[in-house]
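A short write-up of the structure that comes next.
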Amino acid sequence: MSMSGLWVQWTNDYKANISKGGLPYRSDVSLISLGGNDYLVPAMIGVPQHLSKMISQDILKYISHLPYEEAEITRYLVYCIYSWYAETTADIAVANTGYLMKFILDCDPNNKIILNDIAPVLMMDPMVVNLEANTPRKLDVEFTCIMNHMVDVLNMKYRDELMPSLKSIYGDRVQHLKTFTFFMTAIQLWDIQHYWPFIYYSLVDGVHFTFLGNMTWGRMVAKKIGALGWFNRADSICNSDSTPPTFNLPSSGCIPGIGMFGILNTPLPLDFIIKDNGRVMDVENAEQLLGDSYRIYLNNNMPAGKEMELDIVARDTCGNPSGYKIRYWMAITGMWRAVWGFYSYLLFYTCTPI
């Protein structure tokens with residue numbers, strides 16, 4: 001149950017050990033997956049819920065004279081506070097994880113790092129667990145959705161903020177492995193074979209993989225390393241394979257959306273197809289759904305008129321690359337209840353080969 005801050009503390013212990021003549025840290029590839037417990041540990045003891053209740057009740061004292069029902073205002077404030085909590089917790093996790101990655105890469109010039117995003121969370125009801133009776137616990141559907149939104153905010157910050165910053169310094173020594181959407185899709189399709197069956201999971205949470213889940217995740221890591229060329233390739237196969245993966249996505253488009261004032265990040269999905277004659281491949285900055293289907297999330301947490309970019313690069317097992325650059329921007333088309341209401345917008349995008 002280690003939170004990201006504890007790993008930053010580990011770097012101080014490491015420095016102290018080296019100063020006493022300890023052996024330096026060495027590795028060919030380091031795999032890091034941090035930040036999930038930054039959300040999960042506080043959630044298990046009710047921090048977000050208590051924080052939301054405390055702040056919203058305090059705010060209601062000052063806006064109770066406004067012509068809206070208290071229940072309506074309270075629900076809106078809860079969403080706003082959860083959104084703020086998601087963003088600030090993600091910022092802390094990004095700072096800690098970035099510090100740790102820089103520390104490892106600087107200590108070992110031959111090391112490379114894969115940053116794995118955070119897996120989906122299945123939140124159980126808050127009943128006290130009786131380990132002896134092994135009482136089944138029910139899934140808290142509403143809080144599961146809220147927590148997975150928070151996790152996705154962190155995954156997007158890793159992709160859009162941390163990884164570009166690290167790549168500008170360390171180049172291809174840092175890579176990002178996206179797995180959240182694949183496992184989230186499996187859960188949504190009621191294919192829970194990758195997770196402990198949450199109906200009977202009576203310990204802590206439902207995020208832990210089964211044996212099959214660990215195998216699937218391990219294959220994803222191996223595919224990523226293989227596509228990057230960090231494994232020795234099978235020359236007998238790759239000598240005859242020079243065809244890169246092919247994309248099937250529109251050259252441009254427009255996605256309508258509805259936002260909520262105070263809700264900072266509600267990313268929009270864009271799905272597309274990538275094929276490579278059955279070859280296993282890795283796709284940077286995109287997430288596999290099922291089969292040849294992939295998805296990217298377009299971040300609408302930006303000022304109207306600002307343009308954002310995202311490079312999608314696909315590689316097959318022989319390292320043959322192809323990719324597209326996605327440029328997108330947002331235009332607000334309408335708003336209502338401007339004090340604490342909603343707004344409509346259009347998110348435009350273009351896709352060009354790179």
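Readers should treat all values here as calculations from the given coordinates under stated rules, not as data from a laboratory. In this text the structure is predicted, and so the values were computed from the model without any measurement. Here the Cβ is made from the backbone with ideal geometry for all residues, glycine too, and neighbour counts use every protein chain on show.
For the peptides 210-218, 309-317, 12-20, residues were scored by their other Cβ atoms within 10 Å and the scores averaged per peptide; the highest-first order is 309-317, 210-218, 12-20.
Computed extension length for Tyr25-Ser165: 48.0 nm, one decimal, from 0.36 nm per residue of separation with the Cα-Cα distance subtracted.
Once the Cα-Cα distance is subtracted from the 0.36 nm per residue extended length, the Cys107 to Asn214 segment shows a gain of 35.6 nm. The overall shape of segment 243-353 is prolate: from the C-alpha gyration tensor, with semi-axes ordered a ≥ b ≥ c, the ratio a/c is 1.5 or greater and a/b exceeds b/c.
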